[in-house]
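Since the structure comes first, as structure tokens, the remarks are kept for the end.
What follows is calculated from the coordinates using simple rules that are stated; it is not laboratory data. A quick note: this is a predicted structure, and the numbers were derived from the prediction, not measured. As a convention, Cβ positions derive from the backbone with ideal geometry for all residues, glycine included, and neighbour counts pool all protein chains shown.
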């Protein structure tokens, strides 16, 4: 099996597009590219410039900042991106673009990229170094077979993530109906407010809330903790000794930051991203260790974790068009939250816990699919395993 340098297969795109033609759905920056090859999410804002680099369908996008975060995406539509995103376009007709993408999907490629990276605090990949990575040379038909097989796994992973998003949306819809519109079921099962449920004006929240409900600062009803440094004893891979996941920046890809021996957070909690994608929230159901760029909120009210999760997701972290650079634990501690009566919280928790349990099961399946894909990927590319 031969290998040829990436420079013989791809070129960097140097085409620009007008920012005015873009939407949050079609703009890609390093912030809305997810680590550990997790694809993309919707952008928070568009760049202030008049133009930016353009990408087209079937291009390969790479974040050039901190290559160890392994941010890569195969474009499924046309759009624009930040200058910190490298856009690769296949020029060699003998190479399938999706096959090239999977060559760059390997850990081996990101290690190669890091070997040429410059800078210590925020290393950037060297564009010339990237182009020296060697691509496996196979017949076009076999390239297509490999790409199609790996795409099947990725399609299932994508479908699982879509199901998770829909389950989370169902929880969010109930949250809004019950705790924003205050139409939770009353004693007879009818919508509370619309059925004439008694309301009273609350000075702290500046609005009417159901009688008997309270308004508290977050730190009065929950423990708020900022993540610290990475533990001294940890492993990049899950082992019998190091099995507790380490999280940072709100991302819940297990193994992204490694594993350690003992959890510092052992109760059901909510993590909030303090930098990058400010306010990205995840409900954590298993023990973990938070490190820098992550804030942990652990409610001390029974049956309230999912309620707190939905509330923290709804907070407006970016105000008046300005971009917040960093979120702090004292800021979150000062947020004011409405505290419903315990029986309402219990009902909400009972309903949404069914969704949460399904989400956890799907996440386990998804992690197994990711492990299978990542195990097979180098074997398929170096010829140790063949697709028939």
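Observations on the model:
- Its residue count N sets the reference 2.2 N^0.38 Å, and the alpha-carbon radius of gyration of region 214-339 equals 1.06 times that reference.
- Size of the chain: Rg and Dmax of its alpha carbons, in Å, are 23.5, 76.
- Sites residue 343 and residue 266, calculated FRET efficiency, Cβ-Cβ separation with R0 25 Å, nearest 0.05: 0.40
- Gaussian network model of the chain, Cα within-10 Å springs - most flexible of 62, 294, 214: 214
- Of 260, 271, 76, the one that fluctuates the most in a GNM where the chain has Cα springs shorter than 10 Å: 76
- For region 197-283, the calculated P(r) over all alpha carbon pairs, in 5 Å bins from 0 to the bin holding the longest distance, is 3, 12, 16, 17, 14, 11, 8, 6, 6, 5, 2, 0 percent.
- Residue of 312, 86, 152 that the Gaussian network model of the chain assigns the largest fluctuation, springs spanning Cα pairs under 10 Å: 152
- Beta bridge orientation in region 214-339: antiparallel %, DSSP, nearest 5: 90 percent
- Antiparallel DSSP beta bridges within the chain, as percent of all bridges there, nearest 5: 90 percent
- As a rough footprinting exposure proxy, the listed residues 44, 9 were ranked by other beta carbons within 10 Å of their own, and the order from fewest upward is 44, 9.
- Given in Å, the Rg to one decimal and the Dmax to the nearest whole number for the Cα atoms of region 79-128 are 12.8, 39.
- At the listed q of 0.22, 0.24 Å⁻¹, the Debye profile of region 276-363, built from one uniform point per Cα, gives log10 I(q)/I(0) equal to -1.25, -1.37.
- Whether region 119-217 is rounded, prolate or oblate, judged on the alpha carbon gyration tensor where a/c under 1.5 counts as rounded: oblate
- Semi-axis lengths (Å, descending) of the ellipsoid that matches the C-alpha gyration tensor of region 43-140: 22, 19, 10
- Listed by Cβ neighbour count within 10 Å, with the fewest neighbours leading, 259, 68, 247 appear as 68, 259, 247.
- DSSP beta bridges in region 2-137 [antiparallel fraction, %, rounded to 5]: 90 percent
- The label point for residue 351 and the one for residue 286, both projected 7 Å from the Cα toward the Cβ, are 2.9 nm apart.
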